[in-house]
Amino acid sequence: MMELKRIVSVGMLSGLFLIGATEFARTQEVEIDTSSVEELVQVEIMADSTVPEALIRERLAKLESEIPLRYHKVTHQFVEYFIYRKPSFVKRMLEQMNLFFPLYEQMLEKYDMPKELKFLSLIESGLNPRIISYAGAGGLWQFMPATGREYGMKQDDYIDERFDPVKATDAACRYLKRLHKAFGDWEMALAAYNVGPGNVKRAMRRSGSSTFWGIYNFLPKQTRHYVPQFVAMTYMMHYHADHGIFAETPDYPTLSDTVQISGYFNLHTFAKLSNITFEELYKLNPQLINTELPSYVKDYVLRVPSHDFEYLKENRLAIWDSAAKSPFQSQLALASNEEDGTDSALAIKKVGGLVAAGDENDDPETIITRQTKKMYHTVRKGETLGRIANRYGVDTYDLKRWNRMRSNTVIRGKKLVIYKESNKAVLANLAPAKAKGKIKMRYHQVQSGDTLSTIAERYGININRLKKINRLRGNTVRKGQKLIVG
């Protein structure tokens, strides 16, 4: 069986939120060797583009509520990084925040916690509920398996509740509240969330201080930057418009209904017969990590798009009859429509719903360990802005902002500025305790119903990358085939 929670592709390192290594330290309370991690990203900002220090100080003071939003030079550097180097990240957060912020705000209010904490998930996961780090932390709030189980999130080969937005957010609130109670300070609680309470207490003993800025120099470098990074993101989410960053295509939760399932259920068959794409099913149910549900499942609630609900209701018995067929049973023809029986294991219920998954993209945590190289590209005949962006692996939105372009039109001979990041330091940040260790290859054995698309989605790897590392020419995979996924 596929185990999403344990596997991540090495090829994904340059395109994922990979903050889970610090969460690994959080659960293990280990000493973190940061000698190979760069102190801070090297960012070249044009003199006439730099945001005045006084302006950031003034705005942070206005924003400050329960959580201190202190000015720091590292915070300033992150603000400028998001404005000039990664405006596409801020743009994407603005476009996707409506998917999860209502849930975050509801949970934070339930536990009487500062509403600003909703911005923490942006630097943890980039609002992608299905993301998983190299160290094994997963979900919107990047829980390690052990911590997830401690907070009641079940995990097996079929379902991983760390990827469930509701359960993960509830757990994150409880954990943060516990940390705040232990340290009596939100900056210290955030540091402990990143590196673990044991490591924070160790820094307190060494420094003789009980404040974040007092223990700052005794913390691992990624944790020193974690709080300033949170402050910078809070700033950006409030003042993005003043820096010319806007949401162009905001996303909203998909209306959904639910079906209740007991016993074995083939999700691939169900989706196909219900006219629901597998991608839609995963987005509505990010906790699913397989193409089927096991026989021991009872009253499992599965979300489905509302626009497919009527068709599903009309054909419920036929669809269930086919999807509930165990691999060990003989294949039967799809049953004809008939009236619903009282003993049907597929119960349908009308409800509202939350959905969504973000795209994998660069994360602020690993950003601080990357080197930014300033490059130039001279436009050649026939080149487009999109093609140039793809060639250098950057976002078209960023490319336009770097060169102060208002349209997508490029002129032959024009010299474009491009900021390319090196990912060498990322590996050091991902495995703080054993940064120089050899990376072990991981595999996935193709199951019945698997496709390249579903496998790529499951492991968060680009489908072209998946084909390339496995030397596949077509899009066909066969049952039992072993594919490299990390």
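Where a number appears in this text, it was derived from the coordinates with a stated rule and is not lab data. In this text the structure is predicted, and so the values were computed from the model without any measurement. Methodologically, a virtual Cβ is constructed for each residue, glycine included, from the backbone with ideal geometry; neighbour enumeration extends over all protein chains shown.
At-a-glance table
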| read-out | value |
| --- | --- |
| Loop trypsin sites (Lys or Arg not before Pro), the range 124-179 (other Cβ atoms within 10 Å of the site Cβ: 15 or fewer; DSSP) | Lys154 |
| Chymotrypsin sites (Phe, Trp or Tyr not before Pro) lying in DSSP loop within the range 246-328, provided at most 16 other Cβ fall within 10 Å | Phe246, Tyr296, Phe328 |
| Distance violations [Cα-Cα > 32 Å] among Lys221/Lys415; Lys73/Lys283; Lys91/Lys177; Lys91/Lys467; Lys374/Lys482 | Lys221/Lys415; Lys73/Lys283; Lys374/Lys482 |
| Nearest-0.05 FRET efficiency for Asp156 and Thr451, computed from C-beta distance (R0 22 Å) | 0.45 |
| Summed residue charge, Cβ within 13 Å of Leu103's Cβ, Lys/Arg positive, Asp/Glu negative | 0 |
| Separation in nanometres of the label points that stand 7 Å from Cα toward Cβ, at Asp242 and Lys177 | 3.4 nm |
| Pairs beyond 23 Å (Cα-Cα), from Lys118/Lys181; Lys118/Lys420; Lys154/Lys181; Lys373/Lys400; Lys86/Lys167 | Lys118/Lys420; Lys154/Lys181; Lys86/Lys167 |
| Where only alpha carbons of the range 40-160 are counted, the Rg and the Dmax (Å) | 17.3, 54 |
| Sum of side-chain charges, Ser274 neighbourhood, beta-carbon under 14 Å (Lys, Arg +1; Asp, Glu -1) | -3 |
| More than 16 Å apart - percent of Cα-Cα pairs taken over the range 443-484 | 20 percent |
